Amino acid sequence: MSSIVEEKSFIPQISGLRAFSVLVVILYHIDERLMPSGYLGVDVFFVISGYVITKSIFSNISKENSFSLANFYVRRIIRIYPALLVCIFITIIFLSLFGDYAYFESYLVSSLYAVFGLSNIHFFKLGDDYFNQHLVNPLLHTWSLGVEEQFYFVYPVLIFLFFYLFKKKDKLTIISYISFILCMITFTTYLSDSILSNYYLPTSRFWELSLGCLAFTISRLPTDRAIFIPYISLFSLFLIVFLDPILYEKEFTVIICFSTFFLIRSFNKKNFRFLKYKPFIFLGSISYSTYLYHLPVIYFADLYVTESYFLILSLLLSYGLSILSYLYVEETFSQSSKTRVYCRKFLLGIPFIASLIVITSLIHGLGETRDFVRQFVNKTTQKLESFNIVKNDKLRRYRYSSSYMFNDIDYQECHQKGLDVQYYLNSCYKKQKSSSFVYVFGDSFAQQYLPMIDNSKINFDIISTSWNGSTFFPMLFSEDKDILDFSQRLLVEITQEKKYEKKYLIIGAAYYNYFDLGKRNDKYPAYQHDSIGQYYAELEDIMVEYISNLPDDFEVILLTSPPQPTLTVGQCLFRSQLSGQDPRLKKCSYKKIRDLEELKFLGNVAQKTTSSIFDPYDFFCPDYICSFVNEKNEVITHDIRHITIEASISTVPYFDNWLQNNKYFD
C-alpha cells in the first residue's frame, strides 16, 4: 500500500496543470473572447481535486492503518477556510466602500452562502445563469467551492462507512468501487440535466471529482501501451479552451475531464517537463488563492478601469493578491499547530450549533427564523452602505430603487415562484374592483413593466407571473410546454371567478438572448438551428399557436426589448467619480440600435394573431444617441438589459396614451 503512495508522493506536473486551469478561467472572466471555453478550467480543477483528495486519504491510511474523518475534516477546514474567509472579508469591505451599493445586499447574502459552502445551491435557486451574467457578482465563482465542499461531505463518509462494513477487503478496491459508482450515477444525471443544473448542482458535478478519484486508484495500471493518449489529451486541453462551445458544451466538458484524467495517470518524472518549471509549480501552489481573488478583482476593475488597462491590471492584481494570501494566510494557518487545535474544537461544536439552530427554528418557526436572518442582512447592509465613498451627493440624485411593492408584497415575490396557480392567485392577484383585467406574463422583461401597468391612470385588476429567462424559455420550448399550460389554467381560474369586460394579456421576454444561450443546452430549440432566423421561426410558431388558443375576448399586447447601453450605470458613474469629473452620464451615452430580427418576429406574431405591439423604445431613446437618464434625471437602465422601476413608472403617460390611441379605452 505504501509503495503506491510513494510512487505518487509528489507530482510537480499537477501544479503546472493547476496553474493552467486557473489562468484560462481568469482570461475567460476578463473577456470570454480570449478563451471562449476557458470556464472549463474549473472542470480541470475538479478532476485534480478528486485525485489529490483521494491521494491524501490513502496516504493517511497507509501511515495510520485507519481512516479518521475528524482528521480529514480538520485538514480540509485549514486548507479551505482561512483564505476563503479573508477573501470574503476583504471583498465585503471593498464592496461597502467602493462597490455598486444598489446590489450590495445580494452580494452580502452571497457571501453568507459562500461561508456555509452553499453558493452553488443559492445561485441555482436564484436561477442565475453563469453564462448570462451582465452585472458580475464578485462572489459568483464560489459556486465551485460549494460543489467541492459538498463532495467532501459525501465521499469521505462513504469511505469511512464501507471501511467499517468491509474490514477485510482491500481498501484501495473499496475506494475504487465507491468512486466508480458515484461517477457513473452523477454522470448519468449530468447527461440528462439542463445547463443550470449541470453548472451548479452537485448531482451533475460529482462525476468530475469522482473521475479524479479513479485517476488515483487505478494509477498502478500500465500507461505505456498507448503512449500517444496523454499527448492527445494535453493537445485537447489547450485546443478546446480556444474553441467556441456553443454547439458542444457537454461534449467539451467530457473531453476536458477525461483528458485531465489521462494526463494525471500518465505523469512521471520524465514526461511533460515544461509543466515542472518552477514558475509553473509556484503558480500552481498559489492557484487556490488566485481563484478566490480573481473575480472580485475583475469586478472592481470592470467598474473603475477603462478597457485599455483592464486586462493587464486584472492579471497583476489577481496574482499579486494571491501571492500575499498564499504566503501570509494559507502558509501561516497550515503550519500553525494551534490552528489544528481550534479546528478540532470547532468540529466538536458543530453538533451543538446545529442543534441550537434546529431548536430555535422549532420554537420560533421557520418563517420567523428566516425573517430574523433577513432583518440582520438588511441592517448590516444599511450600516455598511453608509461607508460607501462613491455614494455622495452627486451620485445620490441618480439612485434608483431595487424593490417595488405590488399587492402589499415585494414584486419579486411574483417572480421565479414555480407553476403553482394558487400561489399566484393568493399573492400576485391585485384586485381593484375594476371591470378590466391585465395578465403580465413572461420573463424579467415582462416583470420590469409591472410598475408601469400598476401605476396606470386606467384602473386594472392585475396578476403577474414571471420567471428568469433561463427558466422561462426551457419550459416554453419543452414538449409539454408546461408554462403555457400553467398560464391557460390561471386564466381559466380568474375568468371563472369574475366576468371582466376587457381582458389583456401582456407578454414580454428577452427573445434575442436565448439564441446563443440555447446553443449550450439541448432543451432550447436553438440547439438545432444554424441561424437566428430559424430560431425566431420556431419561436413564432409556438407563440402564434399559444395566442390562437386563448379565448377570443382576450387582447394580446407584445412588449419589445428596452434600450441596451454598453456600460452599466454603476460603471459610468464610478469611472467618472474616480477621475474627478462630474458624473452626469453624458459621456456614457450610446447609439440607438434596434434588434431588427426581434422586431420582425414580433411583427409576424402580431399580424398572424391580430395582437398589438407596445414599443416604448422611442420614449426612452427619442434621438439617435440614447441617454442613461430621462428628463427627471432618473436612471433608465441599471444592468445593461433591464429598465429601472423609476423608468417603468415614467412610461405611464406614454402607455396610457398608447392604449387610448389603439382604442382599448376611451
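Here are the numbers:
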item: For I121, solvent-accessible area (1.4 Å; no DNA, RNA or ligand), Å²; result: 60
item: Cα-based shape type of segment 397-481, given that a ≥ b ≥ c are square roots of the gyration tensor eigenvalues and the cut on a/c is 1.5; result: oblate
item: Loop-resident sites, segment 225-301, for trypsin sites (Lys or Arg not before Pro), counting at most 14 other Cβ within 10 Å (DSSP); result: R225, K269, K270
item: Extension reserve of the K591-S435 stretch, reckoned as 0.36 nm per residue once the Cα distance is removed; result: 52.0 nm
item: Cβ-Cβ FRET estimate between S336 and F153, R0 fixed at 41 Å, reported to 0.05; result: 0.95
item: Modelled label reach - D371, point 7 Å along Cα→Cβ, segment 326-362 residues with backbone N closer than 20 Å; result: 357-362
item: Amide H contacts of I643 (H built 1.01 Å from N, under 5 Å, at least 5 apart or other chain); result: none
item: Under-5 Å amide H pairs with K503, H placed in peptide plane, nonlocal only; result: F437, E555
item: Charge dipole (segment 226-318, unit charges on Cβ, about Cα centre) - positive-most of L315, S266, S285; result: S266
item: FRET efficiency, 1/(1 + (r/R0)^6) with R0 45 Å, evaluated for E545 and L311 via beta carbons; result: 0.45
item: Ranked order, D43, D454 - accessible area, probe 1.4 Å, largest first; result: D454, D43
item: Nearest-0.05 FRET efficiency for N633 and S68, computed from C-beta distance (R0 60 Å); result: 0.40
item: Accessible surface of H638 - all protein chains present, 1.4 Å probe, nearest 10 Å²; result: 40
item: Relative contact order of segment 10-88, pairs being alpha-carbon contacts under 8 Å that are 6 or more residues apart, as %; result: 19
item: Listed residues F258, F346, F445 arranged by accessible area, highest first, probe 1.4 Å; result: F346, F258, F445
item: Ranking by accessible area, most exposed first, for S62, S15 with a 1.4 Å probe; result: S62, S15
item: Spatial separation of Cα centroids for segment 439-475 and segment 75-110, in angstrom; result: 33
item: Under Karplus coefficients 6.51, -1.76 and 1.60, residue-wise ³J(HN,Hα) of segment 259-274 in Hz, glycine/proline x; result: 5, 5, 4, 5, 5, 4, 5, 8, 4, 9, 5, 9, 9, 6, 5, 5
item: Point-to-point label distance, I90-N378, nm (Cα→Cβ direction, 7 Å offset); result: 3.3
item: Accessible area of L324 in the full protein assembly, 1.4 Å probe (Å², nearest 10); result: 100
item: Karplus (6.51, -1.76, 1.60) ³J(HN,Hα), θ = phi - 60°, over segment 20-31, in Hz, Gly and Pro reported as x; result: 5, 5, 6, 4, 5, 5, 4, 5, 5, 6, 5, 6
item: Dipole of segment 17-85, positive end: most advanced residue of Y73, V24, L84 [Cβ charges, Cα centre]; result: Y73
item: Surrounding net charge for T495, when Lys and Arg each add one and Asp and Glu each subtract one, Cβ distance under 10 Å; result: 0
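The values are calculated or read from the model by the stated rules, or taken from the named source; none is laboratory data. Bear in mind the structure is a predicted one, so any value in this text is a computation, not a measurement. Backbone-built Cβ (ideal geometry, glycine too); neighbour counts: all protein chains shown. These area figures cover heavy atoms from the full protein model, side chains too; ligands, DNA and RNA do not enter into them. Shrake-Rupley method; radii C 1.70, N 1.55, O 1.52, S 1.80 Å.
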